[in-house]
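Before any comments, here is the structure.
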Amino acid sequence: MKSNKIFYLVLMLALYLSACHDQLELKPFQSIDDAQASANESNVKAILTGAYDALADGDVLGGNALRNAELQAGEGEILWVGTFFDPREIFNKTMQTANNDATQLWLDGFNTINSANNVLAALDVVAEKDRKTVGGEALFIRAITNFELIRFFGKPYVAGQPNAQLGIPLITTPTRGINDASKVSRSTVEQVYAAIIADLLKAETDLPQTNSWRASSLAASALLSRVYLQQGDYAKARDAASKVIASAKFTLLADYEDVFNRDANSSEDIFAIQLTDQDGVNNMNTFFSIPDFGGRDGDIEILDGHLNLYPAGDKRKDLFFDGNAAMRSGKWNNQFGNVGIIRLAEMYLIRAECNARLNTSTGATAVADYNRTRIRAGLAAATTVTVDQILLERRLELAHEGFRVHDLKRTKQKVGNFNFDADKLVFPIPFREIEANSNLQQNPGY
């Protein structure tokens, strides 16, 4: 894998340096010509490795996308005390169109999508025995990136509505030059979600159930469950989660603390960003941890407003610790640990919530799935459960893993003093992109 990454990075850097243009152009770093992209199977697989590397960028799933979801909804539970101005704007919901964190998420997100598109456009040179897997991985990468982008740059999806609000540009072919065709307009939120689901359904069909640390069929099913839940499509979310659980390919770890700070995936991890001490970045460690564990000075403090949510005897509270004169999350204390993206506990809680909402018991009763994480946390098993109790369990189990603002939006709850669909809860389209692309329309409020 390392040799492929080195090949990819050298190739892409050389091509980028040979074709630099004005900063405002939308030319992706990995833009390459047709002959180079489709020259041979080795090139295509190297570009796929590069797509994983781009996905793992610190501004995407290497940490900041997760961090930003916590910062936006953190009022009263966490506090940003760092010196960086851009995360402070996100925390305070005072973002400007030049906010660098929003800009880098946009640029690095579309860089990742372009890598995936380059792979998908050159599948004919991949050996038939590998073609479906290579294509499925690229579709998964494109889907998960579009999902992160639409949740930040578009207004929330609302079940039963047309969802004609502007989302993000849907780009499905490689960008290999800048012309009028490159100036893509924003698709609607409905169209973006439909494209994400189509990519994941195809990936789910084409990928194997197990695929080492890479995207698998079950990872696609798990992400589908998350996407359907965000849409409020509870039957489909339930069934996709149940498919993952029923596969028996994943198991909950006995001890909650063992889920985190891992150098390799555990039996609970369905998909995770892979790091080593030579490659990758864990920006959740950077901002949630302290220097003793490789982080900064402790940019994010955990407040009593969050800690007081845990009932007496809940072992999950024990993972918080006092460091640099404030309480910290102990989930991110391994500087070179993998960044967990999807794990089995989420699937149990999705199925529990959906069964409770629909008054069904697909796969298991809602209370049985609810008790999976509750018992592991050292709490007594419940005999009945409500949707609100499941949502609180989800809030505790998945705390500071990148879920909070998205959960508040999908359940139409206030974020501080802001309504779930407030303008200031949507990231601005970066100023440089508006300047470069006359077909891009800015979000309201900016």
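The values are calculated or read from the model by the stated rules, or taken from the named source; none is laboratory data. Here the structure is a predicted model, which is why all the values come from computation and not from measurement. No Cβ is skipped: glycine too gets one built from the backbone with ideal geometry, and neighbour counts run over all protein chains shown.
What the table shows:
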| quantity | calculated |
| --- | --- |
| Scan of the stretch 53-77 for residues that are closer than 20 Å to Ala326 by Cβ, under 20 Å from the mean Cα position of the chain (by Cα) and outside any helix (DSSP H, G or I), ordered by number | Gly63, Ala73, Gly74 |
| Subset of the stretch 411-433 [out of contact with any Phe, Trp or Tyr (no Cβ under 8 Å at 6 or more places or on another chain) and buried (at least 17 other Cβ atoms within 10 Å of the Cβ)] | Val415, Phe420, Ala422, Phe431, Arg432 |
| Residue match in the stretch 102-115 (condition: assigned to a helix (DSSP H, G or I), among the small types (Gly, Ala, Ser), under 30 Å from Glu41 (Cα atoms) and more than 15 Å from the chain's Cα centre (by Cα)) | yes |
| Residue check for Asn68: polar (S, T, N, Q) and modelled with pLDDT of 95 or more | yes |
| Among residues of the stretch 380-410, those that are over 25 Å from Ile300 (Cα atoms) and surrounded by fewer than 19 Cβ atoms within 10 Å (Cβ to Cβ), counted | 9 |
| Conditions (1) under 22 Å from the mean Cα position of the chain (by Cα); (2) over 16 Å from Ala65 (Cβ atoms); (3) not aromatic (Phe, Trp, Tyr): number failed by Gly298 | (1) |
| Residue within the stretch 91-102 that is closer than 28 Å to Asp199 by Cβ and of a type in the set (D, E, K, R) present | yes |
| Every pair of residues 6+ apart whose Cβ atoms lie under 7 Å, when the first sits in the stretch 127-138 and is in contact (Cβ under 8 Å) with a residue 40 or more places away in the chain while the second is surrounded by fewer than 20 Cβ atoms within 10 Å (Cβ to Cβ) and among the small types (Gly, Ala, Ser) | none |
| Identity of the residue in the stretch 222-238, in contact with a helix residue (DSSP H, G or I) (Cβ under 8 Å, 6 or more places away or on another chain) and either of a type in the set (D, E, K, R) or free of Cβ contacts under 8 Å to residues at least 12 places away in the same chain (or both), that ends up nearest to Asp279 (Cα to Cα) | Arg226 |
| Residue that is touching a residue at least 12 places away in the same chain (Cβ under 8 Å), in contact with a Leu (Cβ under 8 Å, 6 or more places away or on another chain) and over 20 Å from Glu401 (Cα atoms), where the choices are Gly76, Gly50 | Gly50 |
| Options Leu379, Leu408, Leu396: the member that is more than 17 Å from the chain's Cα centre (by Cα) and closer than 16 Å to Gly74 by Cα | Leu396 |
| Single residue of the stretch 345-370 satisfying the filter (of a type in the set (D, E, K, R) and over 10 Å from Ala237 (Cβ atoms)) that is surrounded by the fewest Cβ atoms within 10 Å (Cβ to Cβ) | Glu346 |
| The stretch 350-370 - residue that is in contact (Cβ under 8 Å) with a residue 12 or more places away in the chain and polar (S, T, N, Q) and, of those, nearest to Tyr228 (Cα to Cα) | Asn355 |
| Total residues in the stretch 292-320, condition surrounded by fewer than 14 Cβ atoms within 10 Å (Cβ to Cβ) and free of Cβ contacts under 8 Å to residues at least 24 places away in the same chain | 4 |
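Per-residue answers, yes or no, for (1) touching a residue at least 12 places away in the same chain (Cβ under 8 Å); (2) under 30 Å from Asn100 (Cα atoms):
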| site | (1), (2) |
| --- | --- |
| Tyr348 | yes, no |
| Ile375 | no, no |
| His400 | yes, yes |
| Gln413 | no, yes |
